[in-house]
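Trainee: Structure below; questions to follow.
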Amino acid sequence: VQLQASGGGFVQAGDSLRLSCADPRRTFSNNAVGWFRQASGKEREFVAAISWRGGPTQYADSIAGRFTVSRDNAKNTVYLQMNNLSPEDTAVYYCASAYGPIAATSTDRYRYWGQGTQVTVSS
């Protein structure tokens, strides 16, 4: 099952991007969705997650206050609004559909993954 992450790009420090994750096979139904990222040479890390009904949400400390996760269940799409980006945010960003309805931070709580979208932030 392929989730379709999009919206990445090359931006300057301080810029914003909005990532989207589309779910053509409706794996989001009744499930939480998470965003993770993996920088070159590093392990994949949790970024944000949103529960099936839009709350509660979870955020990594490193992005809290700058990123916002949201979802449109009618469109089977989840978004990650990223503001005030810094070079430390450079990574491939992945979305994933969870096993259950409540947002979680661990990768083993997620069943289906997208292919990732590259975000590069220059200083």
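The values are calculated or read from the model by the stated rules, or taken from the named source; none is laboratory data. Because the structure is predicted, anything quoted here is derived from the model rather than measured. Positions of Cβ are backbone-derived with ideal geometry, glycine not excepted, and every protein chain shown enters the neighbour counts. In case anyone asks, the SASA skips ligands and DNA or RNA and just uses the protein heavy atoms, side chains included. Shrake-Rupley method; radii C 1.70, N 1.55, O 1.52, S 1.80 Å.
Trainee: With the full set of protein chains in place, find how many percent of the accessible area of segment 6-123 is carbon and sulfur; take the probe as 1.4 Å.
Mentor: C and S fraction of accessible area: 44 percent.
Trainee: What would the Debye equation give as log₁₀ I(q)/I(0) for the chain at q = 0.15, 0.16, 0.20 Å⁻¹, counting only Cα atoms as equal point scatterers?
Mentor: -0.58, -0.66, -1.04
Trainee: Something else: Would you please give the residues with an amide H less than 5 Å from that of Thr77, counting only those at least 5 places away or on a separate chain, with H modeled from the backbone geometry?
Mentor: Hits under the 5 Å cutoff: Asp72.
Trainee: DSSP loop GluC sites (Glu not before Pro) in segment 20-123 with at most 13 other Cβ atoms within 10 Å of their Cβ, which ones?
Mentor: Numbers: sites: Glu43, Glu45, Glu88; in loops: Glu43.
Sparse-neighbourhood loop GluC sites (Glu not before Pro): Glu43.
Trainee: Determine the per residue accessible area of the chain with all protein chains present and a 1.4 angstrom probe, expressed in square angstrom.
Mentor: For the chain, the solvent-accessible area averages 50 Å² per residue.
Trainee: Using the Karplus curve 6.51 cos²θ - 1.76 cosθ + 1.60 with θ = phi - 60°, what ³J(HN,Hα) values do you get for each residue of segment 113-123, in whole Hz, with x for Gly and Pro?
Mentor: 10, x, 7, x, 9, 7, 10, 10, 10, 9, 7
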